[in-house]
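Take a look at the structure set out below.
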Amino acid sequence: MSNKRTAALGAGVLSALVAGGIAFAPAAVAEGEDNAYALSANGLINITKVPHVVGEGKDHLVHTDLPPGSDRILHAGVFNSAVEKGFAKASTTDVKLGLPGVPTIEVGLVTAECDDLTGATSVANLKIAGTTVDIDQLQPNTELVPEPLQGLARITLNKQTENGDGTLTVSALSVDLLDGTQTVDLSTATCGEKPEAPKPEEPNKPEEPNKPEEPTTPPSNDDGDDGTRPDDEGKAPVPVPQPGHLDVTG
């Protein structure tokens, strides 16, 4: 494509974007929070992150056109977002992206997943200007500039960014139009490190029963018989002479 044609197309794209600009207020996200969204656009056309889930939860949109009506720049069958501690996932199905002056970009399924600071993406049935783009294994930050997009835009697949707050952001498909004049991100997930599972508490040991105290003096063998009790047959005991002295008077 010649430089003159590229410049002319670029000027046409900018004019169309300015004329059909969409602006939504961006949603604020605290640093370090797990979050996910299926679509975001920044530049002359700003589309807030949708559906945007922060912290924990799920959300979805069905049969979405942005903006609504015949002047739409994007159509999607389903947007999905899901987040939990240390995990985030976003997916978009049946996407048709038609930025003004740029060949149509179509994708069957775009998924981004971030799990405990590990990112993964999948992009199925990517077409540009009706031509299928073959995709093998997606390495992080794989850049594509097919012939129809040369001089206008570039596509980054499996875009991964390590953030200053320690989280990881993964975008399945990112479109950069005219060197950052307009960007569109499809299926983006951000996650931090998963919290450690709590250690199971050790069961309390049962208390040992108190041992009985040992007597300080040995038990007596005396059965309490003073010699006056009858024996087992009922006979009186034989008298036992006792030594002694009796005084005799007379």
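The values are calculated or read from the model by the stated rules, or taken from the named source; none is laboratory data. Keep in mind it's a predicted model, so treat the numbers as computed, not measured. Virtual Cβ from ideal backbone geometry, glycine too; neighbours counted across all protein chains shown.
When the criteria are applied in full, PRO100 fails the requirement of being exposed (fewer than 15 other Cβ atoms within 10 Å of the Cβ) and within 17 Å of ASP185 (Cα to Cα). Inside the stretch 48-62, residues that are in a strand (DSSP E or B) and more than 10 Å from ASP185 (Cα to Cα) make up a count of 10.
Within the stretch 26-47, the residues that satisfy the criterion of being at pLDDT below 95, polar (S, T, N, Q) and either part of a strand (DSSP E or B) or exposed (fewer than 15 other Cβ atoms within 10 Å of the Cβ) (or both) are SER40, ASN42. Look at the stretch 107-118: where a residue is touching a residue at least 60 places away in the same chain (Cβ under 8 Å) and a partner is surrounded by fewer than 18 Cβ atoms within 10 Å (Cβ to Cβ) and not in a strand (DSSP E or B), sitting 6+ places away or on another chain with Cβ atoms under 6 Å, you get ASP116/GLY86; ASP116/LYS194; LEU117/GLU193. Tell me, please, whether a residue that is among the β-branched types (Val, Ile, Thr), within 30 Å of PRO195 (Cα to Cα) and surrounded by fewer than 16 Cβ atoms within 10 Å (Cβ to Cβ) can be found in the stretch 143-160. The answer is no; no qualifying residue exists. Scanning the stretch 113-125 for residues that are surrounded by fewer than 18 Cβ atoms within 10 Å (Cβ to Cβ) and more than 14 Å from the chain's Cα centre (by Cα) returns SER122, ALA124, ASN125.
Close contacts from the stretch 137-149, counting a first residue that is free of Cβ contacts under 8 Å to residues at least 40 places away in the same chain and among the aliphatic types (A, V, I, L, M) and a second that is surrounded by 16 or more Cβ atoms within 10 Å (Cβ to Cβ) and in a loop (DSSP other than H, G, I, E, B), with Cβ to Cβ under 6 Å and a gap of 6+ residues or different chains, come to none at all. A residue that is loosely packed, with under 10 Cβ neighbours inside 10 Å, modelled with pLDDT under 75 and small (Gly, Ala, Ser) can be found somewhere in the stretch 199-221. Scanning the stretch 102-160 for residues that are part of a loop (DSSP other than H, G, I, E, B) and among the small types (Gly, Ala, Ser) turns up ALA129, GLY130, GLY151. Put simply, of VAL62, VAL50, VAL54, VAL110 the only residue that is surrounded by 22 or more Cβ atoms within 10 Å (Cβ to Cβ), of a type in the set (A, V, I, L, M) and touching a strand residue (DSSP E or B) at 6+ places or on another chain (Cβ under 9 Å) is VAL110.
If the condition is being charged (D, E, K, R) and touching a Lys or Arg at 6+ places or on another chain (Cβ under 8 Å), then the stretch 116-136 contributes only ASP116.
For the stretch 80-102, name all the residues that are touching a residue at least 40 places away in the same chain (Cβ under 8 Å) and small (Gly, Ala, Ser).
SER81, ALA82, GLY86, ALA88, ALA90, SER91, GLY101
Residues of the stretch 76-101 that are under 15 Å from the mean Cα position of the chain (by Cα), not in a strand (DSSP E or B) and not basic (Lys, Arg): GLY86 alone. Answer yes or no as to whether THR131 is touching a helix residue (DSSP H, G or I) at 6+ places or on another chain (Cβ under 8 Å) and either loosely packed, with under 14 Cβ neighbours inside 10 Å or modelled with pLDDT of 95 or more (or both). Yes: the conditions hold for THR131.
Within the stretch 48-89, being at pLDDT 90 or above and closer than 25 Å to ASP179 by Cβ holds for THR48, LYS49.
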